Structures are given as structure tokens and as C-alpha cells.
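Student: Can you read through this structure? Questions will come right after.
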Amino acid sequence: MNRIDLNWDDNEVLPDRIRPDVEFLFYRMSRATIDMVDPKPGERILDVGCGRAIDIVNMSESGAMLIGLEPSFVMISHARETLKLNGQNTFVLQAIGENIPIVAGSVDKVVCKGALDHFADPGKALQQMALVIKPGGYAVIAIANFESLGFKLGKFIFWVRRILNIRNPYKRLPWEPPPDHTIKFSYGMLLKLAGQHLKVDKVIGVSMLSCMPGWGDLLARLPKNIASFLLKGFDRAARLLPGLSDVIVLRCVPALHTTINGPS
Ligand SMILES: C[S@@+](CC[C@H](N)C(=O)[O-])C[C@H]1O[C@@H](n2cnc3c(N)ncnc32)[C@H](O)[C@@H]1O
């Protein structure tokens, strides 16, 4: 089992320069995840691997009661700052997703965004998430797709560059997972792993071509309205083609329960 990094800090992994494709990806990933969670007043929602608690602040606007879960003491202190700045006193548990210290069947919804590929045992964490959800509730999982169209095209571009003897400008190729990742998710692998404990009931893709070599630089040079048109157009395509999208967002019901409360 991999060790849990109790001092993990996103300041050390964020790129120095955020290109338009990455900025759009982060924005859409958060928006699509929160839309899928669809927080309602009074609901109890657990954010597993909540990081800085930015999604917690955004979801709290609905009147839902949020609980954060985060192992890293550094991220918990960032989360406390975010919550204080926004006048919120949401509770952040210091724990891991593989061992959720919450009573079974006690939360309406679980959200886990951009975090599962950092976990030592993602399968065990999905099993724990399934356990704490009430009948009628669901989990929303959002994760980067390492078999995206952008990465497939990127690999081809780099194959051509190698043949032409063009120097590789990257320290780490975008389709190689960073060292703090424990698993490289693809669409098929995510569905298979989630399917062991949860029944997947809705899937969408978010953004397309983000991080493809040259794409961010091209967008940065284009007039803003044209760049935005392209980003939104590819995002619409990604929605229908999650297997090729940059991020996959799943909504799933614990395998023991079969239905979701309210409209689908
Ligand atoms: C990339 S951050 C994502 C944070 C947040 N969900 C967001 O979207 O901004 C991944 C987070 O997962 C946390 N993490 C790593 N291993 C974990 C585990 N086993 N259980 C729960 N969280 C974990 C990390 O400390 C980190 O804060």
C-alpha cells in the first residue's frame, strides 16, 4: 500500500503559468461536478479529499450541510483559511477516504473531485463511500482521463517530433501521471473500479484537448472570443464522449440501493 502524504500541498504541484485550456478545464470540472451533485437545502454532503474546500464553499450556497474529509494537515489549514474567509464553519475531518469515520447510511451525497487518483487504495475508498450514503443518495466522482483525445493526439505529435529529431521541451510528458498519483485512470478502468461497489447511473465528459501540446499556446494567441468558442465547442463534444474527454464525471448509487431520490 502507498504511504499517505500528510503534508501534501497543492502549492507544490500547481503550474507557474495557467494557460487558457487549463483554466477552462478547472472551471468546467468544478461546475460540472457541483451541477451533478445538485446540492439541496438541508442535505448532508461529504466531500472526500476536499483540499482547499473551495467546492465546499460553493456547494454551501445551496443551504446544504457540508462535511470535508482530508488527510493532509497542510491542505486542512488551507481549507480553514478558505472557510474563514467565506464566513463558514464547516467541519473538516482529518481522515482518509479508505477509512471514513462516519456512520453508515448517514449522508445524502458524497463528492470526490480530482482526488481518487491520489488515494493509496481507490477501490477501498469507493467501497467506503458507498457505505456512508443513505438509500436514495448518490456519489459523484470526477477524475482526469489519461486516455483522452488530447493525450492520444499528443502522443502522436510526439512520435512525429521524435522521428524529426525535435527536442522534447517537457520535464514530464502530460500523459504521464505525476509522482503524487497512485493510479492512471481511463474511462474503462474508472467504470470497472466504481462498478465493484456502486451502480453508475450517469456519466458525462468535461473539456477536450486540454494539455495537448501546443493547444494552450494557440488558444492564448487567439482573440478571446474565438478561444472561448473553441473551448466551449469541444466541451460540448466531451459531454457526449466521456471516453475521449479530459475529465470524467460519474454519478453512482451504492450497489445495494437501486434508486435516486428526486429528478434524474
Ligand atoms: C488534487 S487535490 C483535489 C482537492 C479538491 N477535491 C479539489 O478538487 O480542489 C487531491 C486531494 O486528495 C487528498 N488525498 C490524498 N490521499 C487521500 C486519501 N487517501 N483520502 C482522502 N483524500 C486524500 C490530498 O491530500 C489532496 O488534498
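Student: Would you mention how many residues in segment 59-87 are more than 10 Å from the ligand (Cβ to nearest atom) and either of a type in the set (Phe, Trp, Tyr) or more than 22 Å from residue 31 (Cβ to Cβ) (or both)?
Tutor: Counting residues in segment 59-87 that are more than 10 Å from the ligand (Cβ to nearest atom) and either of a type in the set (Phe, Trp, Tyr) or more than 22 Å from residue 31 (Cβ to Cβ) (or both) gives 5.
Student: Please count how many residues of segment 200-225 are in contact with a strand residue (DSSP E or B) (Cβ under 6 Å, 6 or more places away or on another chain) and surrounded by fewer than 18 Cβ atoms within 10 Å (Cβ to Cβ).
Tutor: The qualifying residues number 3.
Student: Checking the conditions here, which among 133, 141, 102 is within 24 Å of residue 179 (Cα to Cα) and of a type outside the set (Lys, Arg)?
Tutor: 141
Student: Within segment 6-20, how many residues turn out to be within 10 Å of the ligand (Cβ to nearest atom) and in contact with a helix residue (DSSP H, G or I) (Cβ under 8 Å, 6 or more places away or on another chain)?
Tutor: So the answer is 5.
Student: Taking only segment 37-63 into account, find how many residues are in a strand (DSSP E or B) and of a type in the set (D, E, K, R).
Tutor: 2
Student: Yes or no: segment 171-185 includes at least one residue that is surrounded by 11 or more Cβ atoms within 10 Å (Cβ to Cβ), at pLDDT 95 or above and within 24 Å of the chain's Cα centre (by Cα).
Tutor: Scanning segment 171-185 turns up at least one residue that is surrounded by 11 or more Cβ atoms within 10 Å (Cβ to Cβ), at pLDDT 95 or above and within 24 Å of the chain's Cα centre (by Cα).
Student: Being more than 23 Å from residue 123 (Cα to Cα), aromatic (Phe, Trp, Tyr) and surrounded by fewer than 22 Cβ atoms within 10 Å (Cβ to Cβ) is the filter here; which residues of segment 1-58 pass it?
Tutor: 26, 27
Student: Right, another one. Quick check on my filter: what residues within segment 81-127 are on the phi > 0 side of the Ramachandran plot and buried (at least 17 other Cβ atoms within 10 Å of the Cβ)?
Tutor: Across segment 81-127, the qualifying residue is only 114.
Student: Another question about this same structure. Would you mind telling me which numbered condition in (1) touching a Ser or Thr at 6+ places or on another chain (Cβ under 9 Å); (2) more than 20 Å from residue 30 (Cβ to Cβ) residue 148 fails?
Tutor: (2)
Student: Right, next: Tell me which residues, restricted to segment 113-158, are under 18 Å from residue 208 (Cα atoms) and among the hydroxyl-bearing types (Ser, Thr, Tyr).
Tutor: Listed by number, the list holds a single entry, 148.
Student: Another question about this same structure. What number of residues within segment 109-124 satisfy the criterion of being hydrophobic (A, V, I, L, M, F, W, C) and near the ligand (Cβ under 6 Å from one of its atoms)?
Tutor: Total meeting the criteria: 3.
Student: Next question, about the same structure. Which residues, counting only those in segment 88-97, are more than 9 Å from the ligand (Cβ to nearest atom), modelled with pLDDT of 95 or more and not aliphatic (A, V, I, L, M)?
Tutor: 94
Student: Is there any pair linking a residue in segment 22-33 that is more than 12 Å from the ligand (Cβ to nearest atom) to one that is in a helix (DSSP H, G or I), with Cβ under 8 Å and at least six apart or on different chains, and which?
Tutor: 22/216; 24/231; 24/235; 28/235
Student: Related question: For segment 135-145, how many residues meet the condition of being touching a Ser or Thr at 6+ places or on another chain (Cβ under 7 Å), of a type outside the set (Gly, Ala, Ser) and surrounded by fewer than 21 Cβ atoms within 10 Å (Cβ to Cβ)?
Tutor: Looking only at that region, the number is 0.
Student: All but one of (1) assigned to a helix (DSSP H, G or I); (2) farther than 28 Å from residue 236 by Cα hold for residue 34, so report the exception by its number.
Tutor: With respect to (1) assigned to a helix (DSSP H, G or I); (2) farther than 28 Å from residue 236 by Cα, residue 34 is out only on (2).
Student: Could you list all residues from segment 237-256 that are closer than 18 Å to residue 113 by Cα and more than 14 Å from the chain's Cα centre (by Cα)?
Tutor: 238, 239, 243, 252, 253, 254
Student: Oh, and also: Inside segment 168-264, counting only helices (runs of 4 or more DSSP H) that do not spill past its ends, which hold 3 or more residues that are farther than 20 Å from residue 154 by Cα?
Tutor: Counting at least 3 such residues, we get 187-194, 224-240.
The values are calculated or read from the model by the stated rules, or taken from the named source; none is laboratory data. Keep in mind the model is a prediction, meaning the values are calculated, not measured. Glycine also receives a Cβ, built like all others from the backbone with ideal geometry; neighbour counts cover every protein chain displayed.
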